[in-house]
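For reference, the structure discussed in these notes is given below.
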Amino acid sequence: MRGVVFDGKRVRVVEDLAVREPGPGEVLVAIAAAGLCHSDLSVVDGTIPFPVPVVLGHEGAGVVEAVGAGVTHVGPGDHVALSTLANCGTCPECDRGRPTMCREAIGRPGKPFTRGAADPVYQFASNSAFAERTIVKAVQAVPIPKDIPLRAAALIGCGVLTGVGAVLNRARVDRGDSVVVIGTGGIGLNVLQGARLAGALRIIAVDADPAKESAARQFGATDFLTSAEGVRDLLPTGADHAFECVGRVELIRQAIDLLDRHGQAVLLGVPPAAAEASFLVSSLYLDKSVLGCRYGSSRPQRDIALYAELYRQGRLLLDELVTEVYPVEDFEKARADAEAGRVARAVLTF
Ligand SMILES: [Zn+2]
Ligand SMILES: [Zn+2]
């Protein structure tokens, strides 16, 4: 079968990929569509160190082909959207509703793929959606209604869970709050629509590229600025929530400096692993906080089903996130378009 493999030097579409049968507690999924997220490219450029060779991709949706022993919540033919969270479901963190904090769900890449007679191939983010078929743990396969297009559902598993989840689960934005979103790429747009869903009153998008304004407004921005300098004109006492979605330390500083009393800066962008940010300690005295956030602090079985239903009701935008759809053979073009910032989300189809 076909898949997108990074061997440490090059990333290319191969035809000789195979995946093993699902074991106990696993689900074999035929991928219909998968979004190309910045994190896939971060593996290729080394920002995210990952063992190779590896099948890329980590936001996808498809049809269940087979299930292993003990899997009862989905069966062959069911449509599923996939999460990247292979949490155990039995530890104290899982049990208290914080699966993103499960220690079993971090840093244990499996090798369910092979290429010909060569060595096994790693799975990225417990997911590897850039393959015709992949294997996930039962907890990662979330059933969705069959009337939801799979190429829209594919985007829920990373960008939507991360962006909307950061607003609803981590920041817990309340009705009437003010929100600043720095950076309006794939994550930023989902933070904007999360803020709209939460009932935020003023939602200010900041992006250096003026061409991003119409999309930002479509996803919920009430105001658009090309520089954070203008935020104080709109919010003289500062913002209740500032989301940094770019991953640059000077923008993290900016997010903190924009906070109102009791405000919180939520860090979603990913700077290089050794990057250090600085801020005035005194600027946090008035009950302000800086929050990290993994994967939107999501509970995928609940949240993916919720977002799918909000999409059906027209309250969550998914189709509008997809700028362009490419057959998997055109991965190189999709990558070039994503790297050049020409697309909010490129989606690969199989
Ligand atoms: Zn992602
Ligand atoms: Zn756990």
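Is it the case that ALA86 is within 16 Å of ligand 1 (Cβ to nearest atom) and either part of a loop (DSSP other than H, G, I, E, B) or among the charged types (D, E, K, R) (or both)?
yes
Would it be correct to say that GLU329 is open to solvent by 20 Å² or more (accessible area, probe 1.4 Å) and in a helix (DSSP H, G or I)?
Here the answer is yes, as GLU329 does meet what is asked.
Say we look at the stretch 51-106 and pick out the residues that are charged (D, E, K, R) and within 28 Å of ASP16 (Cβ to Cβ); which of these is farthest from ligand 2 (Cβ to nearest atom)?
GLU65
Would it be correct to say that ALA195 is in a helix (DSSP H, G or I) and at pLDDT below 95?
Judged against the criteria, ALA195 is not a match.
Mind checking which residues of the stretch 308-323 are over 15 Å from ALA81 (Cα atoms) and among the aliphatic types (A, V, I, L, M)?
LEU316, LEU317, LEU321, VAL322
Before we move on, is ARG253 surrounded by fewer than 22 Cβ atoms within 10 Å (Cβ to Cβ), touching a Gly at 6+ places or on another chain (Cβ under 9 Å) and in contact (Cβ under 8 Å) with a residue 12 or more places away in the chain?
Judged against the criteria, ARG253 is not a match.
Mind listing whichever residues of the stretch 98-126 are at pLDDT 95 or above, of a type outside the set (Ser, Thr, Tyr) and either outside the structural domain of LYS137 (by TED's automatic domain parsing) or more than 23 Å from ALA30 (Cα to Cα) (or both)?
Listed by number, the residues that qualify are ARG98, PRO99, MET101, CYS102.
What residue, among those in the stretch 31-47 that are touching a residue at least 60 places away in the same chain (Cβ under 8 Å) and part of a loop (DSSP other than H, G, I, E, B), is farthest from ligand 1 (Cβ to nearest atom)?
So the residue we want is THR47.
Can you tell me which of LEU321, LEU317, LEU259 is of a type in the set (A, V, I, L, M, F, W, C), crowded, with 19+ Cβ neighbours inside 10 Å and in contact with a Gly (Cβ under 6 Å, 6 or more places away or on another chain)?
The unique qualifying residue is LEU259.
If you check every pair at least six apart or on different chains, which have Cβ atoms under 8 Å apart with a residue in the stretch 51-64 that is free of Cβ contacts under 8 Å to residues at least 12 places away in the same chain and within 15 Å of ligand 1 (Cβ to nearest atom) first and a residue that is among the β-branched types (Val, Ile, Thr) and open to solvent by less than 10 Å² (accessible area, probe 1.4 Å) second?
none
How many residues does the stretch 127-180 contain that are out of contact with any strand residue (DSSP E or B) (no Cβ under 7 Å at 6 or more places or on another chain), open to solvent by 10 Å² or more (accessible area, probe 1.4 Å) and either in a helix (DSSP H, G or I) or within 15 Å of ligand 1 (Cβ to nearest atom) (or both)?
The total comes to 4.
The values are calculated or read from the model by the stated rules, or taken from the named source; none is laboratory data. Computed from a predicted model, the values in this text were never measured in an experiment. Positions of Cβ are backbone-derived with ideal geometry, glycine not excepted, and every protein chain shown enters the neighbour counts. Accessible surface areas use protein heavy atoms only, side chains included; no ligands, DNA or RNA. Shrake-Rupley method; radii C 1.70, N 1.55, O 1.52, S 1.80 Å.
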